[in-house]
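A short worksheet on the structure shown next.
The values are calculated or read from the model by the stated rules, or taken from the named source; none is laboratory data. These numbers come from a predicted model, not from an experiment. As a convention, Cβ positions derive from the backbone with ideal geometry for all residues, glycine included, and neighbour counts pool all protein chains shown. Only protein heavy atoms, including side chains, enter the accessible area calculation; ligands, DNA and RNA are left aside. Shrake-Rupley method; radii C 1.70, N 1.55, O 1.52, S 1.80 Å.
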Amino acid sequence: MRIFDISRKLVNGMPVWPGDTAFQYEVSWPMEESGSVNVGRLELSTHTGTHVDAPFHFDNDGKRIYELDLNLYIGAARVMDLPPDIESIGIKELKDIDLDGVTRVLFRTLAWKNGTVFPEKIPHIEPDLAPYLAKKGIRLIGLDVPSVDPIDSKELPAHHSLNENGIHILESLILDEITPGEYELIALPLPLVEGDGSPVRAILRQW
Ligand SMILES: [Zn+2]
């Protein structure tokens with residue numbers, strides 16, 4: 001069995017959403033002080049690197065991370081290639097693709113070309129795609145960009161439309177090295193009781 005790591009590295013100086021908390025790791029209680037161990041301290045946004053969104057992220061009455069069904073984040077997933085430099089992802093991109101039996105779909109856009117800086121423009125999900133995907137039985141979508149809406153969107157129509165259709169969101173994957181096809185996805189959020197999102201270690205397995 002092969003394992004493919006599709007997570008962004010968490011490292012000081014990594015790009016974060018403009019205005020959001022910078023990622024910081026430090027050894028706050030070093031061996032010289034504690035006498036026996038190094039203990040680190042983290043400061044980070046819940047949307048750092050590869051992460052999942054809870055509905056509470058964009059809806060005050062939405063579910064928190066701890067309330068989400070873990071079955072969403074473990075199981076069969078399809079990695080799908082999209083045309084290069086695509087502006088948005090809508091029904092027309094998927095209408096000729098057989099999605100029967102697919103519960104989780106990961107879109108490989110390759111639009112985030114330089115992972116050391118935050119992207120200025122990304123392909124977004126067209127809001128009318130959500131009911132289409134829901135009808136096919138999709139419960140989770142993942143992307144290799146940091147949002148399902150345009151970076152400057154305030155209304156977040158795709159986030160809301162996906163949520164209304166029972167589809168959960170996994171963002172900022174790295175899919176460059178992944179051949180499109182069928183895999184097992186594991187991308188579990190932390191048990192943050194009040195969390196609006198959570199970093200995940202996302203992997204794909206293939207037999
Ligand atoms: Zn997010």
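Considering only the stretch 108-123, how many residues are closer than 22 Å to V16 by Cβ and either open to solvent by less than 50 Å² (accessible area, probe 1.4 Å) or touching a residue at least 40 places away in the same chain (Cβ under 8 Å) (or both)? Write out each step before concluding.
The initial filter retains those residues of the stretch 108-123 that are closer than 22 Å to V16 by Cβ, namely 109-123.
Of the ones still in play, those that are also either open to solvent by less than 50 Å² (accessible area, probe 1.4 Å) or touching a residue at least 40 places away in the same chain (Cβ under 8 Å) (or both) are 109-112, 115-119, 122-123.
Counting residues in the stretch 108-123 that are closer than 22 Å to V16 by Cβ and either open to solvent by less than 50 Å² (accessible area, probe 1.4 Å) or touching a residue at least 40 places away in the same chain (Cβ under 8 Å) (or both) gives 11.
Out of all the residues in the stretch 27-35, is one or more touching a Lys or Arg at 6+ places or on another chain (Cβ under 8 Å) and within 16 Å of the ligand (Cβ to nearest atom)? Within the stretch 27-35, none of the residues are touching a Lys or Arg at 6+ places or on another chain (Cβ under 8 Å) and within 16 Å of the ligand (Cβ to nearest atom).
Every residue, every condition in (1) surrounded by 22 or more Cβ atoms within 10 Å (Cβ to Cβ); (2) part of a loop (DSSP other than H, G, I, E, B), yes or no:
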| residue | (1), (2) |
| --- | --- |
| Y132 | no, no |
| D152 | no, yes |
| H159 | yes, no |
| I169 | yes, no |
| L173 | yes, yes |
| E177 | no, yes |
| P191 | no, yes |
| R205 | no, no |
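Residue pairs whose Cβ atoms lie under 6 Å apart, separated by 6 or more positions or on different chains, with the first residue in the stretch 31-50 and open to solvent by 80 Å² or more (accessible area, probe 1.4 Å) and the second of a type in the set (A, V, I, L, M), are N38/V27; N38/M31. Residues of the stretch 84-100 include at least one that is in contact with a strand residue (DSSP E or B) (Cβ under 6 Å, 6 or more places away or on another chain) and either within 17 Å of P189 (Cβ to Cβ) or surrounded by 18 or more Cβ atoms within 10 Å (Cβ to Cβ) (or both).
Within the stretch 169-197, the set of residues being within 16 Å of the ligand (Cβ to nearest atom) and of a type in the set (V, I, T) comprises I169, I174. Scanning the stretch 135-148 for residues that are surrounded by fewer than 21 Cβ atoms within 10 Å (Cβ to Cβ) and touching a Leu at 6+ places or on another chain (Cβ under 7 Å), which turns out farthest from E120 (Cα to Cα)? In this case the residue turns out to be K136. From the list L94, L99, L72, L82, the lone residue that is within 15 Å of the chain's Cα centre (by Cα) and hydrophobic (A, V, I, L, M, F, W, C) is L72.
Please tell me if D196 is within 25 Å of G90 (Cα to Cα) and of a type in the set (D, E). Spell out the reasoning first.
Details: within 25 Å of G90 (Cα to Cα): no; of a type in the set (D, E): yes.
Spelling it out, it is not the case that D196 is within 25 Å of G90 (Cα to Cα) and of a type in the set (D, E).
Listed by position, the strands (runs of 3 or more DSSP E) inside the stretch 10-88 whose residues that are closer than 30 Å to L110 by Cα number at least 3 are 51-53, 74-81.
Looking across the stretch 48-69, the residues that are of a type outside the set (A, V, I, L, M, F, W, C) and under 15 Å from the mean Cα position of the chain (by Cα) come down to T48, G49, T50, H51, D53, P55, H57. For the stretch 51-99, the tally of residues that are within 16 Å of the ligand (Cβ to nearest atom) and hydrophobic (A, V, I, L, M, F, W, C) stands at 7.
Tell me yes or no: at least one residue of the stretch 128-141 is touching a residue at least 40 places away in the same chain (Cβ under 8 Å), within 17 Å of P55 (Cα to Cα) and within 16 Å of the ligand (Cβ to nearest atom). Steps first, please.
Filtering the stretch 128-141 for residues touching a residue at least 40 places away in the same chain (Cβ under 8 Å) gives 129, 132, 139-140.
Going one step further and asking which of them are within 17 Å of P55 (Cα to Cα), we end up with 139-140.
In the following step, the residues that additionally are within 16 Å of the ligand (Cβ to nearest atom) were identified as 140.
Scanning the stretch 128-141 turns up at least one residue that is touching a residue at least 40 places away in the same chain (Cβ under 8 Å), within 17 Å of P55 (Cα to Cα) and within 16 Å of the ligand (Cβ to nearest atom).
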